[in-house]
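Please read the structure below before turning to the comments.
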Amino acid sequence: MKPFLEANEDPVTVLVAREMEAISDADIVDWAGRHVAPLSYADDADYLQMVRCNPGNAVALGKAPSHLASLVVRRFPDFNCDSAKAAETARQVFLKRIRTYLHGDVEPLQNCRMVRLIEEKYDYPSWLGGLYDACDWMDERTTRDQALHLRNAIEQILSDNGSTQLPEAVE
């Protein structure tokens, strides 16, 4: 399976993605290991901790989000997680994540976990479309075959947001 993050994302985008559960702690470490950091944070202690993290070490892996958050606070002091820019970053990450559902082996619940977090953080944004209703009654046992309605909801959201349904789409 192709990684969700392509390694060219900045730490702010990765942080937004993690806070809305579009990615896991392992995805943060994978991103850091493939990311070519600019000089502005290439030698940052928290960035280096993520790069050097052994994904098989649960304790170290669990620290990846805090290393990422610390990096962002120090190296991107103008970033405000409640800003319109952060909301737009969240929208782009969300659209990319649901697009990967159409073309990958992502389980339905992975998309549905994001809904509550996005609703709370970004005050029920319209770009979530009908995903809340489509995710009703989903749990970790729900298979893609049992969630055909989720595919329909995702296709509608992508259409409503002017987003292509192709997997490599860049907005």
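Quick look at the numbers
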item: Contacts under 6 angstrom Cβ, first residue in the range 108-120 being over 16 Å from Val16 (Cβ atoms), partner of a type in the set (Gly, Ala, Ser) and in a helix (DSSP H, G or I), 6 or more apart; result: Pro108/Ala147
item: Residues of the range 34-50 classified as farther than 19 Å from Glu21 by Cβ and buried (at least 16 other Cβ atoms within 10 Å of the Cβ), total; result: 8
item: For Val73: the one exception among (1) closer than 17 Å to Asp27 by Cα; (2) without any contact (Cβ under 8 Å) to a residue 60 or more places away in the chain; result: (1)
item: Residue among Ala60, Ala84, Ala7 that alone is touching a Cys at 6+ places or on another chain (Cβ under 8 Å) and surrounded by fewer than 18 Cβ atoms within 10 Å (Cβ to Cβ); result: Ala60
item: Pairs, first under 16 Å from Arg113 (Cβ atoms) in the range 134-152, second exposed (fewer than 10 other Cβ atoms within 10 Å of the Cβ), C-beta under 9 Å, six or more apart; result: Arg144/Asp105
item: Criterion: over 14 Å from the mean Cα position of the chain (by Cα) and either over 19 Å from Asp30 (Cβ atoms) or outside the structural domain of Val29 (by TED's automatic domain parsing) (or both) - qualifying residue of Gly104, Gly56; result: Gly104
item: The range 63-81, subset within 20 Å of the chain's Cα centre (by Cα) and closer than 30 Å to Asn161 by Cα, residue surrounded by the most Cβ atoms within 10 Å (Cβ to Cβ); result: Leu68
item: Lone unmet requirement of (1) surrounded by 15 or more Cβ atoms within 10 Å (Cβ to Cβ); (2) under 16 Å from the mean Cα position of the chain (by Cα) for Glu119; result: (1)
item: Enumeration of residues in the range 104-123 that are in a helix (DSSP H, G or I) and not acidic (Asp, Glu); result: Pro108, Leu109, Gln110, Asn111, Cys112, Arg113, Met114, Val115, Arg116, Leu117, Ile118, Lys121
item: Residues satisfying the stated conditions in the range 14-33, i.e. under 14 Å from the mean Cα position of the chain (by Cα), surrounded by 16 or more Cβ atoms within 10 Å (Cβ to Cβ) and aliphatic (A, V, I, L, M); result: Val14, Leu15, Val16, Ala17, Met20, Ala22, Ile23, Ile28, Val29
item: Residues located in the range 2-26, provided they are under 15 Å from Thr100 (Cα atoms) and among the acidic types (Asp, Glu); result: Glu6, Glu21
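The values are calculated or read from the model by the stated rules, or taken from the named source; none is laboratory data. Model, not experiment: these values are computed from the prediction. Note that each Cβ is placed from the backbone with ideal geometry, even for glycine, and that neighbours are counted across all protein chains shown.
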